[in-house]
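Accompanying notes for the structure given below.
Throughout, read-outs are computed from the coordinates displayed, never taken from laboratory work. Keep in mind it's a predicted model, so treat the numbers as computed, not measured. Note that each Cβ is placed from the backbone with ideal geometry, even for glycine, and that neighbours are counted across all protein chains shown.
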Amino acid sequence: MKKLILACTFLCSAIGISQTGVIKGIVLDKQSESPLQGATIELLNMDTATGVITDFDGRFIITDVPIGRQAIQVSFIGFESTTIPNVDVTTGKDVFITVQLLETFNQLDEVILTNETNKDKPLNKLATVSARQFGVEEVTRFSGGRSDVGRLAANFAGVSAPDDSRNDIVIRGNSPAGLLWRLEGIPIPSPNHYSTLGTTGGPVSALNPNLLKNSDFITSAFPAEYGNAIGGVFDLGFRKGNADDYEYTLQTGIFTGVEAMAEGPLGQNKGSFLVAARYSLVGLLGIGAGGTAATPNYNDVSFNIDFGKVNSGNLSFFGILGTSDIEFLGDDIDPDDLFAAEDENTFVESRFGVLGFKYNLSLSSNSFLRTVASASYSGNDFKVDRFIEKDTSQERLIRYTEADNTETRFTLSTLFNSKINNKFTFRTGLLLEHFNIQSLLLDRNEQADNNGDGDPDLVNFRDIDENVSILQPYVQGQFRLTKKFTLNAGLHTQYSTLNKQFVLEPRAALNYNFLPNHTLNLGYGLHNQSVPLPLLFLNENINGEIRQTNRDLDFVQSSHFVLGYDVRLANSWRGKVEIYYQDIDKAAVEPFPSSYSTLTEGADFGFDNDRVSLVNDGTGFNQGIELTLEKFFSKGYYGLLTSSFFESKYEGSDGIQRNTPFNNGYVVNMLAGKEFKTGPSGKNVWFLDTRLTTSGGRYFTPVDLAASQQAGFEILQEDLAFSQQYDSYFRWDVKFGVKINSKNKKKSHQFYFDLQNVTANENIFVRRYNRLTNNIDQVDQIGFFPDFGYKFQF
C-alpha cells in the first residue's frame, strides 16, 4: 500500500504555458491534527486531471501549476472533502498550505464530497462562534492596511479603529486593553513598536506578515484555552520555511521598511529555517511619517527554526526582537503634531522581544502533547524636558516627565489533545505566566509647587520591582451530538499571586446546521481579566506613608452572550449576522462619587496616574448587531461588506450611566478588489483594491477652558465625562499595482501604490487645551498619505 501511495501520482501532461509554480502542503485530521496518508489533492479547473496523493507524513507537492489564482480540492475516505480557493501561485515562491479534514459523522468507506470552502471557519476547531481566520495574503492585499494585522482586523465586523496614528483594536465597544495577543500558543506583550506598559496597540506593528501563517481572530465567548482577556483574541502562528528549496525575498515600503527574508531546508529531518529582518525606510531617509515631522527609527528581526522530527515529535525555535526610538524636539514640532508639543523635547525608546521553543509530541495516531516554553520582554523609556518661559530671557529647560518600564515574562504552556472518536475530541492544558515588572514614573504634570522653587513638584507615582504569577488550567471538549448539532464546552480557571483571587469560567457554544448551508450559533462565556498593571502599582501617600492601594484589586469580570446565523449564499459567497450582549462588572472605580472607570482606559500611550484606592464596584455593558457579506476571491475579484451597530456604556462610582470613549455607535467597511491578467500568456497581473470606512465619532470629555487657563494645564469637566462626540469618521483608500512573473526563472516582482485617505477628509484626532495659546485647539488626523511598496521574490 505504501509503495502504491508513493508511486501514485496523476500529474497533468504539459499545459503549454512555460510560466508555472509549485503548490505544496500537508493534510491533517482536524480533530487529532495527525497527518492523513493517502489523501487526494486535485487541482481544479484544469483541462486535464491534475493531482497527487499525500505521503506517509501527509505531505504533497504539485508541480507545473499555472501561475495565477488556483483552487484545489482535498478528499480522503471517511472524511468530508474541502475546497481551498484563491491559492495565489507565482514563479518567485512555492505556495505552502495546511489542510484540515473533518471525519464524517457516520463512518463510511467513501469520500463525502461537500465541495465547501473553509476560509470563513477558524483554525481552532473549538472556536465556533464570533471567530474567523485570516491569512497573510489578506494582510498585504487590503488597501490602507500598512501590512499590519491590527489594521486588517479593523475591516471585520465588530471592530472599530478610527485612529490613523495607532493600531489599537476596539472590539464590540471594549477597551483595547481587553485584547489578548498570542503567538505560537502563548500570550505575548503588545507586538508593536513604541508600545507602552499595559497597552496592546502602537503606531507601527512589529509583526512581520511575511512570516505569519493563517491565524484566528476571536471577538467574543472564547474557548476555554484563552484567558485573562475580556475583549478579543489574536491567535497568531508563524509558518515554516520551505523544507525543499532555498527562497529569498527583498522588499520595501513606507511603513514596513526595508526588508530581507530567507528560508530553506535545515538538517536531515525535514526541518527548515525562516528568518527576516526589517528597518524603517523613513528612518533611513530621515523624514517624518504617521502624523509627525519627527523621524521614527525602528527595526525588528523575526524567525522560525523548525528542527523537524525529534524523538517522535517536532521541535521548533521561534522569536521576534525589535527596537524603536524617536526624538520630538520642540523647535521642530508643528502645532498640529499628533504626539508632541512645541515647548517640549521628548525622547522615546521601546524594546520588544519573544523567544520560545515549541515541541509537538505525537502520543498516538489520535493524541498529541504540545509544550511551549518562552521568555518575552517589553520595555519603554519616556523622557520629557519642558521649556519654561520659552523664547524669553528667562527661558530654562527642566525635566518634566520620566518613565522607565520593563516587563519580563516567562511562560510555560502545555496542551494535551485527544480524538476519542469521530464524535468527541478532548483537550486540556495549563498555562503558567511569571511576570517581573519594573516601573518608574516621575511627573510634574498637574502637580503643586510644594517646595517653593517656582515649578510643579516632580512626584514619584510609581517605583516598583514586582513579581506576579498567573496560573490558568483549563479543560474543554467538542461533542458532535448529531450530524446537525455540535457542542463545544469547557471550563477555564485563573489564579493570580498578586490578589490571591481564583475564578472559574464556564464556556459553551452550540452549532446547529438546520438546513444545508445554514447554521445557527449560540455562545456563552464568562471571562476575567487583571486591571492593567500601570494602575495596580500606583503610589498613594497616606499620612506620610507611600502605599500601593490598588494592588489587591479583583479581576474585571465579563459575561458574553452571542447568537449568530451563517448562510452560504453560493460557492464563494457567504452572509453572517451576529447579535451580542456583554455584561461587565467588578470594573475598578474611585471610592467616592466619580465618573472614572478603568473601562475607559487603554487607547493611548499611558494611563491615569492619580487613580488610587480604587474599588471593584464599576459596571458596564456592550450590545449590538453585526452584519457581514463576503465574496471570497474567485474569478478574479473579491468583496467584503461589514457593518456594526452597537452601544457601549459604563457606570462609575457616581452611578450615572455614560458612553465609553469607544461607543462610536456604528462602523461600516466596504472593500473590493479585482485582478487583470496581462501579457501573451497571462503571466502578469494588474490589481486594484479599494476600501471605504465610516464610523460614528469618538466620545470625549470636554475641556474646562477657564479652569485650564487659570491652572496652566488641561482640566477636563469630569462631571460631563464622554458626553460629547466628535464628527463622524470617513476614509477612502485606493491601492493598485502589478505582479510580474519571470518567464523562465524562479523569480517574481510586485509593485504597488497605496493612496490613503484620497479625499483628504479632515477626521478629528483630538480637541485639547494648548497652554501656549491658552485656547482649545482641534488637531486632525493624518490627511492624504501616499504609500508604496516593492517586493522581489527569488
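Computed from the Cβ-Cβ distance with R0 of 35 Å, the FRET efficiency linking Ala373 to Ile77 stands at 0.35. With 0.36 nm allotted per residue and the present C-alpha distance subtracted, the Leu515-Glu718 stretch has 67.8 nm of extension available. Spatially, the stretch 752-794 and the stretch 406-456 are offset by 32 Å when compared through their Cα centroids. Once both labels are positioned 7 Å from their Cα atoms along Cα-to-Cβ, the gap between Leu432 and Asp336 label points is 5.5 nm.
How would you order 81-93, 134-146 from highest to lowest mean count of nearby Cβ atoms within 10 Å? Present the calculation step by step, with values, prior to reporting the outcome.
On the way: 81-93: 20.8, 134-146: 22.5.
Averaged packing, sorted descending, gives the order 134-146, 81-93.
Fully extended, how many nm does the chain gain between Asp245 and Leu284 (0.36 nm per residue separation, minus their Cα-Cα distance)?
Details: separation 39, 0.36 × 39 = 14.04 nm, distance 3.22 nm.
10.8 nm is the gain from fully extending Asp245 to Leu284.
Phi angles across the stretch 387-404 convert, under the Karplus curve 6.51 cos²θ - 1.76 cosθ + 1.60 with θ = phi - 60°, into 3J(HN,Hα) values of 7, 9, 6, 4, 6, 10, 5, 9, 4, 8, 10, 10, 6, 9, 9, 9, 9, 9 Hz, Gly and Pro given as x. Taken along the Cα-to-beta-carbon direction at a fixed 7 Å, the label points for Gln710 and Asn460 span 3.3 nm. Computing FRET efficiency as 1/(1 + (r/R0)^6) for Thr392 and Glu545, where r is the C-beta to C-beta distance and R0 is 45 Å, gives about 0.65.
Residues whose amide H comes within less than 5 Å of that of Asp654, counting only those at least five positions distant or on another chain, are Ser594 (H built at 1.01 Å from N in the peptide plane).
With the simple spin-label model, which puts each label point 7 Å out from Cα in the Cβ direction, the Ser613 to Asp727 separation comes to 4.4 nm.
Note down the net charge around Glu259, summing +1 for each Lys or Arg and -1 for each Asp or Glu among other residues with Cβ under 11 Å from its Cβ. Provide the component values of the computation, followed by the final result.
Values: positive: Arg278, Lys791; negative: Asp300.
Within the 11 Å Cβ shell, the charges total +1.
Taking other C-beta atoms within 10 Å as the exposure proxy, Lys240, Lys747 rank Lys747, Lys240 from fewest upward. Treating r as the C-beta distance of Tyr495 and Tyr581 and R0 as 30 Å, the FRET efficiency rounds to 0.60. Cross-link partners of Lys735 among lysines, defined as those whose alpha carbon lies under 24 angstrom from its own and excluding same-chain residues fewer than eight positions apart: Lys93, Lys119, Lys213, Lys631, Lys635, Lys674, Lys677, Lys683, Lys747, Lys791.
Listed options for Rg/Rh (Cα atoms, Kirkwood Rh) are [x] 1.20; [y] 0.97; [z] 1.00. The value calculated from this structure is the one marked [y]. Phi-derived couplings, Karplus 6.51 cos²θ - 1.76 cosθ + 1.60 at θ = phi - 60°, listed residue by residue for the stretch 672-689: 7, x, 9, 10, 10, 6, 9, x, x, 10, x, 6, 10, 9, 8, 9, 9, 10 Hz, with x used for Gly and Pro. The length gained on full extension between Leu688 and Phe424, counted as 0.36 nm times the residue separation minus their Cα-Cα distance, comes to 90.5 nm.
For the pair the stretch 135-209 / the stretch 275-289, the C-alpha centres are spaced 20 Å from each other. Cα centroids of the stretch 627-703 and the stretch 322-367: 25 Å apart.
Summing charges over all other residues whose Cβ lies under 14 Å from the Cβ of Gly636, with Lys and Arg as +1 and Asp and Glu as -1, gives +4.
For the chain, the residue among Gln724, Asn192, Phe368 whose Cα projects farthest onto the positive side of the dipole built from Cβ charges is Phe368.
Tally Lys and Arg at +1 and Asp and Glu at -1 over the other residues with C-beta under 15 Å from the C-beta of Gln557: what net charge comes out?
-4
Phi-derived couplings, Karplus 6.51 cos²θ - 1.76 cosθ + 1.60 at θ = phi - 60°, listed residue by residue for the stretch 751-760: 10, 8, 10, 10, 8, 9, 6, 5, 8, 6 Hz, with x used for Gly and Pro.
How large is the charge dipole for the chain, taken about the Cα centre, if only the Cβ atoms of Lys, Arg (+1) and Asp, Glu (-1) carry charge, to the nearest 20 debye?
On the way: 69 positive and 94 negative charges, 994 e Å.
With only Lys, Arg, Asp and Glu charged at Cβ, the dipole is about 4780 debye.
With contributions of -39500 (n - 2.57) from each DSSP H run of at least four residues, the per-residue ellipticity at 222 nm computed over the chain stands at -1000 deg cm²/dmol. When the chain is described by a simple charge dipole with +1 on each Lys and Arg Cβ and -1 on each Asp and Glu Cβ, the residue from Asn345, Leu569, Phe382 located farthest towards its positive end is Leu569.
Just rank His518, His434, fewest to most, by other beta-carbon atoms within 10 angstrom.
Numbers: His518 12, His434 16.
Listed from fewest to most nearby Cβ atoms, that is His518, His434.
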